1. Nearest 10 degrees is fine. How inclined is helix 72-84 to the longest principal axis of the chain, computing both from alpha carbons?
2. Going highest first, how would you order 190-196, 160-166, 120-126 by mean Cβ packing within 10 Å?
3. Order Asp15, Asp92, Asp86, most accessible first, counting only protein heavy atoms with a 1.4 angstrom probe.
4. Efficiency by 1/(1 + (r/R0)^6): what FRET value for Tyr206 and Glu135, r their Cβ-Cβ distance, R0 = 22 Å, to the nearest 0.05?
5. Please work out how much accessible surface Tyr206 shows to a 1.4 Å probe, ignoring ligands, DNA and RNA, in Å² rounded to 10.
6. Please list, ordered by chain and number, the residues whose modelled amide H lies under 5 Å from the amide H of Val27; skip anything fewer than 5 residues away on the same chain.
7. Excluding ligands, DNA and RNA, what is the solvent-accessible area per residue of the chain at a probe of 1.4 Å, expressed in Å²?
Amino acid sequence: MGESTSGASGPGARDRTVVHLMRHGEVHNPTGVLYGRLDGFHLSELGREMAELVARHLATNDITHVVASPLERAQETAAPIAAGHDVKVVTDDRVIESANRFEGSAVGARDLLHPRNWHLFRDVRTPSWGEPYEEIATRMLAAIADARTAARGHEAVVVSHQLPVWTVRNKLVGHRLWHDPRRRECTLASLTSLTFEGDDLASVAYSEPAVSLLARASRSVGA
(Lines give C-alpha, C1' and ligand atoms only; values in the text may rest on other atoms or scores of the structure.)
Protein backbone atom coordinates (compact mmCIF):
# COMPACT_ATOMS: atom_id res chain seq x y z
CA MET A 1 0.00 0.00 0.00
CA GLY A 2 1.23 3.50 -0.76
CA GLU A 3 1.67 6.28 1.76
CA SER A 4 -1.82 7.31 2.82
CA THR A 5 -3.48 10.10 4.76
CA SER A 6 -6.25 7.75 5.85
CA GLY A 7 -6.55 7.36 9.60
CA ALA A 8 -4.16 10.21 10.36
CA SER A 9 -4.48 11.78 13.77
CA GLY A 10 -2.92 14.55 15.80
CA PRO A 11 -2.53 18.29 15.26
CA GLY A 12 -3.05 19.35 11.66
CA ALA A 13 -3.93 15.84 10.51
CA ARG A 14 -7.12 17.03 8.84
CA ASP A 15 -5.01 19.22 6.56
CA ARG A 16 -2.40 16.65 5.59
CA THR A 17 -2.26 16.16 1.85
CA VAL A 18 -0.15 13.78 -0.21
CA VAL A 19 0.64 14.41 -3.87
CA HIS A 20 2.13 11.35 -5.57
CA LEU A 21 4.18 12.21 -8.66
CA MET A 22 4.15 9.11 -10.83
CA ARG A 23 6.22 8.35 -13.88
CA HIS A 24 4.29 6.53 -16.61
CA GLY A 25 4.86 2.86 -17.41
CA GLU A 26 6.94 1.36 -20.21
CA VAL A 27 6.17 2.59 -23.73
CA HIS A 28 5.96 0.57 -26.95
CA ASN A 29 8.96 1.98 -28.83
CA PRO A 30 10.38 -0.69 -31.16
CA THR A 31 12.51 1.76 -33.19
CA GLY A 32 14.10 3.29 -30.09
CA VAL A 33 13.38 6.93 -30.85
CA LEU A 34 13.44 9.72 -28.31
CA TYR A 35 9.68 10.23 -28.42
CA GLY A 36 9.46 13.26 -26.13
CA ARG A 37 6.16 15.03 -26.79
CA LEU A 38 5.32 13.15 -29.99
CA ASP A 39 1.84 11.68 -30.35
CA GLY A 40 1.21 8.00 -30.89
CA PHE A 41 3.44 6.44 -28.26
CA HIS A 42 1.29 4.18 -26.09
CA LEU A 43 2.08 1.88 -23.20
CA SER A 44 3.48 -1.51 -24.05
CA GLU A 45 1.91 -4.67 -22.66
CA LEU A 46 4.41 -4.45 -19.81
CA GLY A 47 3.58 -0.78 -19.32
CA ARG A 48 -0.08 -1.67 -18.89
CA GLU A 49 0.92 -4.30 -16.32
CA MET A 50 2.87 -1.63 -14.47
CA ALA A 51 -0.10 0.74 -14.46
CA GLU A 52 -2.43 -1.96 -13.13
CA LEU A 53 0.08 -3.00 -10.48
CA VAL A 54 0.45 0.56 -9.17
CA ALA A 55 -3.33 0.97 -9.23
CA ARG A 56 -3.61 -2.08 -6.96
CA HIS A 57 -0.81 -0.74 -4.78
CA LEU A 58 -2.78 2.47 -4.26
CA ALA A 59 -6.21 0.84 -4.02
CA THR A 60 -6.72 1.58 -0.33
CA ASN A 61 -5.19 5.06 -0.39
CA ASP A 62 -7.44 8.07 0.05
CA ILE A 63 -7.06 9.31 -3.53
CA THR A 64 -9.60 11.94 -4.57
CA HIS A 65 -7.86 13.57 -7.52
CA VAL A 66 -5.92 12.12 -10.48
CA VAL A 67 -4.01 14.27 -12.98
CA ALA A 68 -2.08 13.27 -16.09
CA SER A 69 0.03 14.76 -18.82
CA PRO A 70 -1.85 14.94 -22.14
CA LEU A 71 0.47 12.36 -23.72
CA GLU A 72 -1.00 8.92 -24.31
CA ARG A 73 1.41 7.02 -22.09
CA ALA A 74 0.55 9.20 -19.09
CA GLN A 75 -3.20 9.06 -19.72
CA GLU A 76 -3.08 5.27 -20.00
CA THR A 77 -1.05 4.98 -16.81
CA ALA A 78 -3.47 7.19 -14.89
CA ALA A 79 -6.63 5.43 -16.12
CA PRO A 80 -6.66 2.36 -13.81
CA ILE A 81 -5.80 4.48 -10.77
CA ALA A 82 -8.66 6.87 -11.50
CA ALA A 83 -11.06 4.00 -12.20
CA GLY A 84 -10.14 2.33 -8.92
CA HIS A 85 -11.09 5.46 -6.99
CA ASP A 86 -14.11 6.42 -9.11
CA VAL A 87 -12.66 9.75 -10.25
CA LYS A 88 -11.93 11.17 -13.68
CA VAL A 89 -8.46 11.84 -15.04
CA VAL A 90 -7.80 15.58 -15.21
CA THR A 91 -5.45 16.51 -18.05
CA ASP A 92 -2.84 19.13 -17.18
CA ASP A 93 -0.47 20.39 -19.88
CA ARG A 94 1.91 21.65 -17.19
CA VAL A 95 3.06 18.12 -16.35
CA ILE A 96 3.92 17.19 -19.95
CA GLU A 97 7.32 15.86 -20.98
CA SER A 98 10.06 18.45 -21.45
CA ALA A 99 10.83 19.81 -24.90
CA ASN A 100 14.01 18.39 -26.46
CA ARG A 101 15.92 19.20 -29.68
CA PHE A 102 16.56 15.46 -30.26
CA GLU A 103 12.86 14.54 -30.21
CA GLY A 104 11.90 12.09 -32.95
CA SER A 105 15.44 10.81 -33.47
CA ALA A 106 16.89 7.41 -32.69
CA VAL A 107 19.89 8.64 -30.74
CA GLY A 108 22.75 6.89 -28.99
CA ALA A 109 25.96 8.12 -27.43
CA ARG A 110 27.68 8.23 -30.83
CA ASP A 111 24.93 10.44 -32.25
CA LEU A 112 24.99 12.79 -29.28
CA LEU A 113 28.76 13.20 -29.51
CA HIS A 114 28.83 13.85 -33.26
CA PRO A 115 30.40 17.24 -34.08
CA ARG A 116 27.18 18.44 -35.73
CA ASN A 117 25.53 18.34 -32.28
CA TRP A 118 28.29 19.96 -30.23
CA HIS A 119 26.60 23.37 -30.35
CA LEU A 120 23.58 21.93 -28.54
CA PHE A 121 25.73 21.12 -25.50
CA ARG A 122 27.18 24.58 -24.99
CA ASP A 123 25.38 24.95 -21.63
CA VAL A 124 24.60 21.81 -19.64
CA ARG A 125 23.23 23.82 -16.73
CA THR A 126 20.27 25.34 -18.58
CA PRO A 127 20.23 23.01 -20.67
CA SER A 128 20.90 24.36 -24.16
CA TRP A 129 19.41 21.31 -25.96
CA GLY A 130 15.95 21.50 -24.44
CA GLU A 131 13.47 23.20 -22.14
CA PRO A 132 15.23 25.08 -19.32
CA TYR A 133 15.19 23.25 -16.01
CA GLU A 134 13.85 26.30 -14.19
CA GLU A 135 10.87 26.47 -16.55
CA ILE A 136 10.16 22.77 -16.00
CA ALA A 137 10.31 23.25 -12.24
CA THR A 138 8.05 26.31 -12.35
CA ARG A 139 5.27 24.63 -14.31
CA MET A 140 5.47 21.47 -12.22
CA LEU A 141 5.30 23.43 -8.96
CA ALA A 142 2.18 25.21 -10.19
CA ALA A 143 0.53 21.91 -11.15
CA ILE A 144 1.44 20.36 -7.80
CA ALA A 145 -0.03 23.35 -5.94
CA ASP A 146 -3.31 22.98 -7.82
CA ALA A 147 -3.41 19.21 -7.24
CA ARG A 148 -2.78 19.79 -3.54
CA THR A 149 -5.63 22.28 -3.40
CA ALA A 150 -8.00 19.92 -5.23
CA ALA A 151 -7.18 17.00 -2.90
CA ARG A 152 -6.68 18.96 0.29
CA GLY A 153 -6.81 16.63 3.29
CA HIS A 154 -6.63 13.61 0.99
CA GLU A 155 -4.30 12.36 -1.76
CA ALA A 156 -3.68 13.15 -5.41
CA VAL A 157 -1.78 11.30 -8.12
CA VAL A 158 -0.05 13.28 -10.88
CA VAL A 159 1.20 11.13 -13.77
CA SER A 160 4.07 12.81 -15.55
CA HIS A 161 7.48 11.95 -17.01
CA GLN A 162 10.95 11.26 -15.68
CA LEU A 163 12.67 14.61 -16.26
CA PRO A 164 9.80 16.81 -14.97
CA VAL A 165 9.42 14.65 -11.85
CA TRP A 166 13.15 14.58 -11.14
CA THR A 167 13.55 18.30 -11.81
CA VAL A 168 10.78 19.39 -9.47
CA ARG A 169 11.99 16.97 -6.79
CA ASN A 170 15.42 18.59 -6.95
CA LYS A 171 13.80 22.01 -6.74
CA LEU A 172 11.72 21.07 -3.70
CA VAL A 173 14.65 19.63 -1.73
CA GLY A 174 17.01 22.45 -2.64
CA HIS A 175 19.34 20.55 -4.95
CA ARG A 176 20.80 21.94 -8.17
CA LEU A 177 18.66 21.29 -11.23
CA TRP A 178 21.34 20.32 -13.73
CA HIS A 179 22.44 16.73 -13.32
CA ASP A 180 23.67 13.49 -14.88
CA PRO A 181 20.56 11.80 -16.39
CA ARG A 182 21.97 8.40 -15.42
CA ARG A 183 21.63 9.31 -11.75
CA ARG A 184 17.92 10.11 -11.74
CA GLU A 185 15.93 8.20 -9.12
CA CYS A 186 12.73 7.88 -11.10
CA THR A 187 12.15 4.46 -12.64
CA LEU A 188 9.16 3.46 -14.72
CA ALA A 189 5.87 3.63 -12.76
CA SER A 190 7.67 4.94 -9.67
CA LEU A 191 6.11 7.25 -7.08
CA THR A 192 7.69 10.39 -5.67
CA SER A 193 5.32 11.18 -2.80
CA LEU A 194 5.12 14.71 -1.42
CA THR A 195 3.45 15.06 1.99
CA PHE A 196 2.19 18.50 2.91
CA GLU A 197 1.05 19.77 6.29
CA GLY A 198 -1.18 22.61 5.20
CA ASP A 199 0.81 24.37 2.50
CA ASP A 200 4.19 23.31 3.89
CA LEU A 201 6.13 20.40 2.45
CA ALA A 202 6.79 17.98 5.31
CA SER A 203 8.49 15.09 3.51
CA VAL A 204 9.50 13.60 0.18
CA ALA A 205 9.42 9.82 -0.22
CA TYR A 206 10.31 7.62 -3.17
CA SER A 207 9.00 4.13 -3.93
CA GLU A 208 8.91 1.64 -6.79
CA PRO A 209 5.68 -0.36 -6.54
CA ALA A 210 6.33 -1.93 -9.97
CA VAL A 211 9.90 -2.99 -9.12
CA SER A 212 9.10 -6.65 -9.79
CA LEU A 213 8.47 -5.80 -13.46
CA LEU A 214 11.47 -3.55 -14.12
CA ALA A 215 13.81 -6.36 -15.13
CA ARG A 216 11.56 -7.04 -18.14
CA ALA A 217 11.57 -3.42 -19.32
CA SER A 218 13.37 -2.42 -22.51
CA ARG A 219 16.40 -0.13 -22.38
CA SER A 220 15.30 2.01 -25.32
CA VAL A 221 15.46 5.77 -25.22
CA GLY A 222 12.27 7.66 -24.64
CA ALA A 223 11.27 9.17 -21.26
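The values are calculated or read from the model by the stated rules, or taken from the named source; none is laboratory data. In this text, all values refer to a predicted model and were calculated from it rather than measured experimentally. Cβ: placed from backbone, ideal geometry, glycine included. Neighbour counts: every protein chain shown. These area figures cover heavy atoms from the full protein model, side chains too; ligands, DNA and RNA do not enter into them. Shrake-Rupley method; radii C 1.70, N 1.55, O 1.52, S 1.80 Å.
1. Here the helix axis deviates by roughly 10 degrees.
2. The peptides rank, most packed first, as 160-166, 190-196, 120-126.
3. Asp86, Asp15, Asp92
4. Plugging the Cβ-Cβ distance into 1/(1 + (r/R0)^6) gives 0.40.
5. About 50 Å², ignoring ligands and nucleic acids.
6. Those lying under 5 Å, H to H, from Val27 are Ser44.
7. Each residue of the chain exposes 48 Å² on average to a 1.4 Å probe.
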